[in-house]
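Written below as structure tokens is the structure these notes are about.
The values are calculated or read from the model by the stated rules, or taken from the named source; none is laboratory data. In this text, all values refer to a predicted model and were calculated from it rather than measured experimentally. For neighbour counting, all protein chains shown are included, and Cβ atoms are generated from backbone atoms with ideal geometry for every residue, glycine included.
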Amino acid sequence: MPKQINEQDLEKIEQQIAIYSKGIGITELETTLSATGIIMNRRSLLRRISTLIESNRIRATGAFKGRVYWPLALPGSDAQDVEESVIPLSVAGREIRGYVSQPIQRREPIGYRRDFLLSYLNSGPYLNNTTREHLHRIGRAHQENVPAGTMARQVMGRLLIDLSWASSYLEGNTYSLLETERLISFGQAAEGKDALETQMILNHKQAIEFLVESADEIGFNRYSILNLHAILSDNLLPNPEACGRLRQIAVGIGGSVYSPLSTPQLLDEYFQIALDTAAAINDPFEQSFFALVHLSYLQPFEDVNKRVARLAANIPLVKHNLCPLSFIDVPKKSYVEGILGVYEQNRIELLRDIFVWGYERSVKRYLSTREELGEPDPFRMKYRTLLTEIIREVVLQGTGPDQDVVGAWAAEHLPEVDRPRFITLVDAELRGLHEGNIARFRLRPKEFAAWQDAAQQKKSKG
């Protein structure tokens, strides 16, 4: 049984955090607590902070060294002011926030407006030249002539955790970032969490892998978006047949006066128009933001629409080897208000402010991660597809890291000059294969376990 946390400790920590209207990091918090006579090790402090967050007494943004703790409400202010100080808003963004922050009874009921989509060719683009140039400048990985998805693969481990957590958090999922990391990296579900929350995060992981590993084939087409929905909604919908299918029923939006399109034939028509419009956009950032706006607005599925929109927003970024968008640190309230602005006013300015700020946060996180990893091995990049094929074949056939088997395969598929290094690379990958990295080779846990058992039996007989 875990020890009961003293309420007095929680109150003292909460009181100290309340002093810092611009937030406080863990090291500074330790110092201020120590100055008031409260001394405890960091693990104990973090446990108490987690309790305060879970009981909605404080809030947190960021992760790891950049994590900042905030008072839930400030004297003479409110939580909205805190979030507004985090994300700089345009004048139009503030206007939209002012409207959607009103009680729902004061907002005018509205239905789906087709002109919002159909007029895009005349009214677009949503991102002006200055904004697009800024995003290209900060998001470019400075890698030319490399396969689609290379940048995302380099930061895959971090991206799986961050995007799975952030997108789920925006849906109300209560997993912490650390709990998400344990689930994705080690398969450890957090205690006391609803099974649906665990499933949501695992679905995100699989969907991100789908986007990155299929970077050459995906796009704004029915195959990509329908399958993205099928993965994200797996085991989460009351009607399993609705996974990967456009809805045949009307849906409502909680907390909004917006009523999405309800006629299935029209829904199908405008879904295709939205995809065709997105596919025709040349700039990847404009594509990304357009998809975020219109897949959210159309609500083409029975549920899981905004999750599909957030991951679909990464399709052009992955394909063009731009830094991915993880939505890390994006405040839930701000995001919801941005989406409500689209739903109820057909205005994109607030969501655009959030999109640009969120992308800047992602860039800082992933470009630093990439720098830590160093430049990728061009040989491995050249043969990444063949490497996946042989690893899968060896595992599925139940053979060990046998150089004769790999050598014969390499002789059939590679030029002679590259075979020795390729064989060495395959051997290293097979010996380093474990449950935390098998997804790179499109292997399932059962397949890997069977291969391990076969290898163990072979070793015992030998």
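What number of residues within segment 218-227 satisfy the criterion of being in a helix (DSSP H, G or I) and either acidic (Asp, Glu) or free of Cβ contacts under 8 Å to residues at least 60 places away in the same chain (or both)? Before the answer, list the steps.
Restricting attention to segment 218-227, the residues satisfying the condition of being in a helix (DSSP H, G or I) are 222-227.
In the following step, the residues that additionally are either acidic (Asp, Glu) or free of Cβ contacts under 8 Å to residues at least 60 places away in the same chain (or both) were identified as 222-223, 226-227.
Qualifying residue count, segment 218-227: 4.
Just one residue in the set Ala190, Ala230, Ala215 is part of a helix (DSSP H, G or I) and surrounded by 15 or more Cβ atoms within 10 Å (Cβ to Cβ); that residue is Ala230. Among the residues making up segment 147-159, those that are touching a helix residue (DSSP H, G or I) at 6+ places or on another chain (Cβ under 6 Å) and either modelled with pLDDT of 90 or more or not in a helix (DSSP H, G or I) (or both) are Ala148, Gly149, Val155. Residues that are modelled with pLDDT under 80 and assigned to a loop (DSSP other than H, G, I, E, B) within segment 46-87 comprise Ser55, Asn56, Gly62, Ala63, Leu72, Ala73, Leu74, Pro75, Gly76, Ser77, Asp78, listed in sequence order.
Pairs are defined by a Cβ separation below 7 Å, a sequence spacing of at least 6 or placement on different chains, a first member in segment 250-278 that is at positive phi, and a second member that is of a type in the set (Val, Ile, Thr) and part of a helix (DSSP H, G or I); the pairs so defined are Gly255/Ile104.
If you go through segment 187-218 and keep only what is over 26 Å from Leu322 (Cβ atoms) and hydroxyl-bearing (Ser, Thr, Tyr), you end up with just Thr198.
What number of residues within segment 23-45 are in a loop (DSSP other than H, G, I, E, B) and either modelled with pLDDT under 80 or surrounded by 14 or more Cβ atoms within 10 Å (Cβ to Cβ) (or both)?
Applying the first criterion (in a loop (DSSP other than H, G, I, E, B)) to segment 23-45 yields 23, 25, 36-41.
Imposing the further condition that a residue be either modelled with pLDDT under 80 or surrounded by 14 or more Cβ atoms within 10 Å (Cβ to Cβ) (or both) reduces the set to 23, 25, 36-38, 40.
Here the count works out to 6.
For Val406, state whether it is out of contact with any Asp or Glu (no Cβ under 9 Å at 6 or more places or on another chain) and either at pLDDT below 85 or in a helix (DSSP H, G or I) (or both). No: the conditions fail for Val406. Does Ile315 satisfy the criteria of being assigned by TED's automatic domain parsing to the domain that holds Val212, among the β-branched types (Val, Ile, Thr), over 16 Å from Leu121 (Cβ atoms) and in contact (Cβ under 8 Å) with a residue 12 or more places away in the chain? It is true that Ile315 is assigned by TED's automatic domain parsing to the domain that holds Val212, among the β-branched types (Val, Ile, Thr), over 16 Å from Leu121 (Cβ atoms) and in contact (Cβ under 8 Å) with a residue 12 or more places away in the chain. Checking each residue in segment 87-129 for being of a type in the set (A, V, I, L, M) and under 25 Å from Tyr359 (Cα atoms) picks out Ile87, Leu89, Val91, Ala92, Ile96, Val100, Leu117, Leu121, Leu127.
How many residues, within segment 419-437, are part of a helix (DSSP H, G or I) and free of Cβ contacts under 8 Å to residues at least 12 places away in the same chain? Full working, then the answer.
The first filter runs over segment 419-437 and keeps only residues part of a helix (DSSP H, G or I), leaving 419-431.
Filter once more, so that each one left must be free of Cβ contacts under 8 Å to residues at least 12 places away in the same chain: 420, 424, 428.
Counting residues in segment 419-437 that are part of a helix (DSSP H, G or I) and free of Cβ contacts under 8 Å to residues at least 12 places away in the same chain gives 3.
Could you please let me know if Ile354 is under 29 Å from Ala313 (Cβ atoms), modelled with pLDDT of 85 or more and surrounded by 15 or more Cβ atoms within 10 Å (Cβ to Cβ)? Please lay out each step first, then the result.
On the way: under 29 Å from Ala313 (Cβ atoms): yes; modelled with pLDDT of 85 or more: yes; surrounded by 15 or more Cβ atoms within 10 Å (Cβ to Cβ): yes.
When the stated conditions are applied, Ile354 passes them.
Candidates are the residues of segment 414-429 that are acidic (Asp, Glu) and within 35 Å of the chain's Cα centre (by Cα); the one that is surrounded by the most Cβ atoms within 10 Å (Cβ to Cβ) is Glu429.
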